[in-house]
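The values are calculated or read from the model by the stated rules, or taken from the named source; none is laboratory data. Everything numeric in this text was worked out from a predicted model, so none of it was measured. In this analysis, Cβ positions are derived from the backbone assuming ideal geometry, glycine residues included, and neighbour counts consider all displayed protein chains. These accessible areas exclude ligands, DNA and RNA; they are computed on the full protein's heavy atoms, side chains included. Shrake-Rupley method; radii C 1.70, N 1.55, O 1.52, S 1.80 Å.
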Amino acid sequence: MTDLLFSICIPVYNVEKYLHKCIESVLNQSYDKYELILVDDGSTDNSYQICKDYQSKDRHIKAFTKENGGQISAREFAFDHASGDIILCVDSDDYIEKNALDVLNSYFVNENPDCIYFNWQRVSNDVAINSKKEIVVKETMNKLNEIIKRICTNSYYNSMCIKAFKKELLPKRKLFDFYKVRHGEDLIQTLGLIESAKTVLFIPDILYNYRTNVESISYKIDLGKDYLENSVRFYVYLFLKNKKFFSPKDWDYYGMYCVNLLYMKLYRISISNVSIMKKKECFRIIRNSQYYKVFLHGRKTYSFVKNVFISLFEKKIDYLVVFMFLLLKKTRK
């Protein structure tokens, strides 16, 4: 069996509480042909010192620091310094299973896909809190439009951290326009990779642990991020349109998925603990976005109830939208 070199890329930003666990999960791998690239993205805590301490003790580790530029910027920096055959991204507050590289190496060597998707699980205090597998059986896909459709209509596949891919898939163009994005950036990077892939393998193995705070149930409103999120979704729409991946039927399916996301967005805004004026401002941002005007406006779901809410939103009856969502939340309890 050929042993491939893995480049494990970890952007680091103010995660001193979790960073040791993340790094140790790599250093304790049963497969040892890898390099660990740590990119501190302008942390203000002790994160970079932790990176340097580990670098001084282990030959596998390369530690860098840079001015804060966001997740995409830090990943691209890591990619530029990667020398491996295979790229694997890990977020610095998460960690991977001990056999992750062994499993991935075996699949890459024996089946030679360009990219491998695997399962992840949510953990709290290092205990798994969900057991559902999105990928139930091993599956190989080589029709790009079907691969893109799966990725773009299921947020489970958005993360850069649940895939390993050949370094040759990395696009040459940098995503400077999206360095400030903090939500949706993974999908943008994913599309740039997948469009060059000829074969994508989906495996049922759980290899990644996503740390979540189950005590946090509030939806935080950030108007600046809402502007950026809409720009991300418009970018994805234009990407799909320009590449001509989708048939008319695919577009109907994708449009239905997107309008359901809009419904959930309106719901989260409505039940958030902010003033009605700020909620109205969030609605205004959505309605005025290119994404909404060009692609979402006038689209409906298969659900009568959702269509009622979206119709009220389109008619700018914002108070009633919020009131009905709050009432809906109360009846669900």
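How many residues, within the stretch 142-154, are touching a residue at least 12 places away in the same chain (Cβ under 8 Å), under 19 Å from the mean Cα position of the chain (by Cα) and in a helix (DSSP H, G or I)? Explain how you work it out, then say what you get.
First pass over the stretch 142-154, keeping only residues touching a residue at least 12 places away in the same chain (Cβ under 8 Å): 142, 144-145, 147-149, 151-154.
Cutting the leftovers down to under 19 Å from the mean Cα position of the chain (by Cα) gives us 147-149, 151-154.
This time we only want the ones that are in a helix (DSSP H, G or I), so: 147-149, 151-152.
Of the residues in the stretch 142-154, 5 are touching a residue at least 12 places away in the same chain (Cβ under 8 Å), under 19 Å from the mean Cα position of the chain (by Cα) and in a helix (DSSP H, G or I).
Applying a threshold of 7 Å to beta carbon distances and a minimum spacing of six or more residues, or different chains, the list of pairs starting in the stretch 87-112 at a residue that is of a type in the set (D, E, K, R) and ending at one that is in a helix (DSSP H, G or I) and modelled with pLDDT of 95 or more reads Asp91/Cys161; Asp93/Cys22; Asp94/Cys22; Asp94/Cys161.
All conditions in (1) open to solvent by 40 Å² or more (accessible area, probe 1.4 Å); (2) in a helix (DSSP H, G or I); (3) among the hydrophobic types (A, V, I, L, M, F, W, C) hold for Val274, with the sole exception of (2). Within the stretch 68-84, the residues that satisfy the criterion of being modelled with pLDDT of 95 or more and assigned to a loop (DSSP other than H, G, I, E, B) are His81, Ala82, Ser83, Gly84.
Determine whether the stretch 50-60 contains at least one residue that is hydrophobic (A, V, I, L, M, F, W, C), under 21 Å from the mean Cα position of the chain (by Cα) and open to solvent by less than 40 Å² (accessible area, probe 1.4 Å).
From the stretch 50-60, those hydrophobic (A, V, I, L, M, F, W, C) are 50-51; that's our starting set.
Add one more test, that the residue is under 21 Å from the mean Cα position of the chain (by Cα), and what stays is none.
Within the stretch 50-60, none of the residues are hydrophobic (A, V, I, L, M, F, W, C), under 21 Å from the mean Cα position of the chain (by Cα) and open to solvent by less than 40 Å² (accessible area, probe 1.4 Å).
Residues in the stretch 108-137 that are within 11 Å of Asp205 (Cα to Cα) and over 16 Å from the mean Cα position of the chain (by Cα): how many? Count: 4. Small (Gly, Ala, Ser), within 24 Å of Ile72 (Cβ to Cβ), modelled with pLDDT of 95 or more and not in a loop (DSSP other than H, G, I, E, B) - does that describe any residue in the stretch 29-43? No: the stretch 29-43 contains no residue that is small (Gly, Ala, Ser), within 24 Å of Ile72 (Cβ to Cβ), modelled with pLDDT of 95 or more and not in a loop (DSSP other than H, G, I, E, B). For the stretch 85-141, filtering for residues that are acidic (Asp, Glu), in a helix (DSSP H, G or I) and more than 24 Å from Ile23 (Cβ to Cβ) leaves 1.
In the stretch 275-302, what residues are more than 25 Å from Val232 (Cβ to Cβ) and touching a residue at least 24 places away in the same chain (Cβ under 8 Å)?
Initially, the stretch 275-302 is screened for residues more than 25 Å from Val232 (Cβ to Cβ), giving 275-277, 302.
Result: Ile276, Tyr302.
For Phe64, the stated conditions do not hold, so it cannot be described as in contact (Cβ under 8 Å) with a residue 60 or more places away in the chain and not in a helix (DSSP H, G or I).
Per-residue answers, yes or no, for (1) closer than 20 Å to Met256 by Cα; (2) surrounded by 14 or more Cβ atoms within 10 Å (Cβ to Cβ):
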| residue | (1), (2) |
| --- | --- |
| Ala128 | no, no |
| Thr140 | no, no |
| Leu144 | no, yes |
| Ile148 | yes, yes |
| Asn154 | yes, no |
| Ile162 | no, yes |
| Leu170 | no, yes |
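Can you say whether Glu24 is surrounded by fewer than 21 Cβ atoms within 10 Å (Cβ to Cβ), within 18 Å of Asn209 (Cα to Cα) and in contact with an Asp or Glu (Cβ under 6 Å, 6 or more places away or on another chain), as far as the supplied structure shows? So Glu24 does not fit the description; no.
Give just the number: which of (1) free of Cβ contacts under 8 Å to residues at least 24 places away in the same chain; (2) under 26 Å from Trp251 (Cβ atoms); (3) of a type in the set (A, V, I, L, M, F, W, C) does Met160 not satisfy? Of everything listed in (1) free of Cβ contacts under 8 Å to residues at least 24 places away in the same chain; (2) under 26 Å from Trp251 (Cβ atoms); (3) of a type in the set (A, V, I, L, M, F, W, C), Met160 misses just condition (1). Among the residues of the stretch 286-302, not one is at pLDDT 95 or above, open to solvent by 40 Å² or more (accessible area, probe 1.4 Å) and within 15 Å of Tyr253 (Cα to Cα).
Among the residues of the stretch 236-250, those that are under 12 Å from Val294 (Cβ atoms) and either open to solvent by 40 Å² or more (accessible area, probe 1.4 Å) or at pLDDT below 90 (or both) comprise Leu238, Lys241.
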